[in-house]
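The values are calculated or read from the model by the stated rules, or taken from the named source; none is laboratory data. Being a predicted model, the structure only gives us computed values, none of them experimental. Cβ placement follows ideal geometry from the backbone for every residue including glycine, while neighbour counts extend to all protein chains displayed. Side chains are part of the model used for accessible areas, which takes the heavy atoms of the whole protein and leaves out ligands, DNA and RNA. Shrake-Rupley method; radii C 1.70, N 1.55, O 1.52, S 1.80 Å.
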Amino acid sequence: MPNQKRRKDVRNIAIIAHVDHGKTTLVDALLKQTGAYHFKDGEATIMDSNPIEKERGITIFSKNASLKYKDIQINIVDTPGHADFGSEVERILRMVDGVLLLVDAFEGPMPQTKFVLRKSLELHLKPILVVNKIDRPQARPHEVVDLTFDLFCELNATDEQLDFPIVFASAKDGTATFDPADKPRDMKPLLETMIHRVLPPVADPAEPFQMLVTMLDYDSYIGRISIGRIVHGCVKVGETIALVKRNGDVKRGRVTKILKYQGLRRIEAESGEAGDILSIAGIDEVKVGETLAAAQNPVALKTIKIDEPTISMN
Ligand code: GDP
């Protein structure tokens with residue numbers, strides 16, 4: 001649409017991969033490259049790890065990170081690879097405008113690669129292929145690109161999706177190149193691809209506030225935390241906003257805190273606007289899939305089916 005406003009200073013990107021193909025290492029490398037890494041070892045963060053998650057030894061709540069490159073805020077959202085989290089994957093993918101599809105340069109695409117890629121293609125996202133671990137002695141980067149291309153075809157990717165950018169990386173060494181024969185230096189080839197090949201979010205700050213709650217977190221001091229992308233408008237700390245429940249009921253509450261990502265850490269902010277992925281505290285009755293909206297004439301955003309058991313945070 002010609003009149004859509006876009007936030008040129010933001011990119012929202014999810015990382016999708018089979019387990020162990022290097023998501024965590026890649027995010028660390030990107031944070032190191034952009035100077036945000038020191039936050040990782042910094043003071044204690046709010047909800048860095050969740051007790052339920054630790055207990056079960058699985059990732060329930062996705063980890064997000066944010067970095068700045070050439071004055072562009074790149075929000076990176078982790079996506080669970082496992083099919084048990086199908087609707088969570090879908091909710092997360094609806095927050096972003098692009099995905100990094102990470103594939104091990106030796107193993108090639110695996111079952112979880114297929115699962116998360118299928119979801120991304122269905123949601124009309126155009127993936128960037130990152131062939132990782134090219135430093136492995138048995139790496140076969142070109143074959144892995146071909147296998148991934150075949151997988152795209154099998155999943156009925158459109159011509160535009162098939163024309164995916166390719167970056168070869170060693171997340172472990174903190175390097176990326178456009179050709180595996182090039183001399184690796186740093187992560188810039190990947191960062192450049194991210195800012196040039198992922199569209200800035202469509203976002204109009206002048207419209208009434210609306211945010212779809214994609215994930216929940218809990219902190220013993222500040223209570224339930226809604227995580228999601230602001231789709232329209234702005235929100236400020238102290239403001240009274242509405243919560244539109246799934247059955248259409250409307251509750252009201254006051255925004256007590258807004259937290260934005262900086263590196264792997266969440267920092268307090270005064271306000272947020274359309275295009276931002278952030279956390280809002282103060283609305284305690286919220287559930288995943290519900291809408292936070294302007295107090296006047298609140299309207300729900302389109303939600304998606306929730307098919308996994310709801311995890312009680314209390
Ligand atoms: P995740 O499960 O996708 O988050 O994967 P991790 O980032 O935890 O990486 C899984 C394993 O692969 C770890 O042992 C990493 O050290 C290793 N790894 C990650 N990236 C690379 C890489 O570029 N080269 C090599 N050789 N190993 C890597």
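For the stretch 249-267, which residues satisfy the criterion of being under 19 Å from Gln296 (Cα atoms), of a type outside the set (Val, Ile, Thr) and assigned to a loop (DSSP other than H, G, I, E, B)?
Asp249
Quick one: in the stretch 165-179, of everything that is open to solvent by 40 Å² or more (accessible area, probe 1.4 Å) and in a loop (DSSP other than H, G, I, E, B), which residue is nearest to the ligand (Cβ to nearest atom)?
Step by step, filter the stretch 165-179, then rank; the result is Lys172.
Is it fair to say Glu88 is in a helix (DSSP H, G or I), closer than 22 Å to Lys260 by Cβ and of a type outside the set (S, T, N, Q)?
yes
Being away from the ligand (no atom under 11 Å from the Cβ) and closer than 24 Å to Ile195 by Cβ is the filter here; which residues of the stretch 101-112 pass it?
Of everything in the stretch 101-112, just one residue is away from the ligand (no atom under 11 Å from the Cβ) and closer than 24 Å to Ile195 by Cβ, namely Leu101.
Taking the condition of being among the acidic types (Asp, Glu) and either in contact with a strand residue (DSSP E or B) (Cβ under 7 Å, 6 or more places away or on another chain) or open to solvent by less than 20 Å² (accessible area, probe 1.4 Å) (or both), how many residues in the stretch 131-164 meet it?
1
Output yes when any residue across the stretch 132-143 is in contact (Cβ under 8 Å) with a residue 12 or more places away in the chain, of a type in the set (S, T, N, Q) and more than 15 Å from the ligand (Cβ to nearest atom), and no when none is.
Checked against the condition, which is being in contact (Cβ under 8 Å) with a residue 12 or more places away in the chain, of a type in the set (S, T, N, Q) and more than 15 Å from the ligand (Cβ to nearest atom), the stretch 132-143 yields no hits at all.
Would a scan of the stretch 103-125 turn up a residue that is touching a His at 6+ places or on another chain (Cβ under 9 Å), crowded, with 23+ Cβ neighbours inside 10 Å, at pLDDT 95 or above and part of a strand (DSSP E or B)?
Checked against the condition, which is being touching a His at 6+ places or on another chain (Cβ under 9 Å), crowded, with 23+ Cβ neighbours inside 10 Å, at pLDDT 95 or above and part of a strand (DSSP E or B), the stretch 103-125 yields at least one hit.
Taking only pairs six or more apart or across chains, which ones have beta-carbon atoms under 8 Å, a first residue in the stretch 12-25 that is near the ligand (Cβ under 6 Å from one of its atoms), and a second residue that is in a helix (DSSP H, G or I)?
Ala17/Lys23; Ala17/Gln112; Ala17/Thr113; Ala17/Val116; Val19/Gln112; His21/Thr113
Step by step: first the residues of the stretch 180-195, then only those that are out of contact with any Ser or Thr (no Cβ under 8 Å at 6 or more places or on another chain) and part of a helix (DSSP H, G or I), then the one that is most open to solvent (accessible area, probe 1.4 Å). Which residue is that?
Among those residues, the one meeting the criterion is Lys188.
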